[in-house]
Each structure stands twice: as C-alpha cells, then as structure tokens.
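Only one structure is covered here, and it is reproduced in the block below.
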Amino acid sequence: MTETTKVIVSTTTRPGQAIASTQVHHRDLPEIRATGDDPAGAATRLANELTRALDTALTDWRRKNIEQAIADVHEFIDSHS
C-alpha cells in the first residue's frame with residue numbers, strides 16, 4: 001500500500017456554497033482530521049494536528065502510531081507539492 005492511500009482525501013461542497021472544502025485524515029487515525037483549500041494544504045494542517053496529538057499519547061504504542069502517521073502525511077505532502 002502506498003502512502004497516498006494511507007491519507008484519505010474527501011472533498012465536500014456545502015449547500016449554497018460554490019467553494020469546495022477538502023478534508024483529510026490518516027487511515028489509521030480517522031478521529032484526527034483537518035480541512036484546507038486543497039489536499040496539500042489540508043495535509044499540512046493534519047500533520048500539525050497529529051504533532052499536537054503526540055502531547056497526549058500515553059503509551060509508546062500510540063506514540064509510534066502517531067509518529068508513523070506524521071511520516072506518511074509528510075510523504076503525501078511531498079508527492080502533492
């Protein structure tokens with residue numbers, strides 16, 4: 001599986017609005033999400049949110065999962081820049 005499939009991208013348009021919003025999350029941590037104008041911008045915000053989540057990671061297992069997700073998101077950003 002490639003890193004691009006680990007970062008899930010969805011685009012939505014709210015009723016009455018012409019501007020679409022892009023939302024991203026990591027496949028293994030769907031509870032942490034971020035939005036942006038495009039996939040790369042949303043992924044940059046997601047990397048920041050995941051970094052903040054490290055502060056509350058109480059176990060080594062959780063911390064390693066978040067660190068891997070951050071690495072996957074950075075690879076996604078690099079491939080979309």
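Here is a check on your reading of the model: is Asp38 over 15 Å from Thr5 (Cβ atoms) and either of a type outside the set (S, T, N, Q) or loosely packed, with under 14 Cβ neighbours inside 10 Å (or both)?
yes
Among the residues of segment 43-52, is any hydrophobic (A, V, I, L, M, F, W, C), at pLDDT 95 or above and out of contact with any helix residue (DSSP H, G or I) (no Cβ under 6 Å at 6 or more places or on another chain)?
Checking segment 43-52: not a single residue is hydrophobic (A, V, I, L, M, F, W, C), at pLDDT 95 or above and out of contact with any helix residue (DSSP H, G or I) (no Cβ under 6 Å at 6 or more places or on another chain).
Could you grab me the full set of residues in segment 24-61 that are over 23 Å from Thr13 (Cα atoms) and in contact (Cβ under 8 Å) with a residue 40 or more places away in the chain?
Matches in segment 24-61: Asp28, Leu29.
Please specify each residue of segment 41-70 satisfying the condition of being more than 30 Å from Ala18 (Cα to Cα) and buried (at least 16 other Cβ atoms within 10 Å of the Cβ).
Ala53, Asn65, Ile66, Ala69, Ile70
Testing Val73 on (1) exposed (fewer than 11 other Cβ atoms within 10 Å of the Cβ); (2) among the aliphatic types (A, V, I, L, M); (3) in a helix (DSSP H, G or I), one condition comes back false. Which one is that?
Going through the list (1) exposed (fewer than 11 other Cβ atoms within 10 Å of the Cβ); (2) among the aliphatic types (A, V, I, L, M); (3) in a helix (DSSP H, G or I), Val73 breaks only (1).
The values are calculated or read from the model by the stated rules, or taken from the named source; none is laboratory data. None of the values given here were measured: they were computed from a predicted structure. We place every Cβ from the backbone using ideal geometry, glycine too, and count neighbours over all the protein chains shown.
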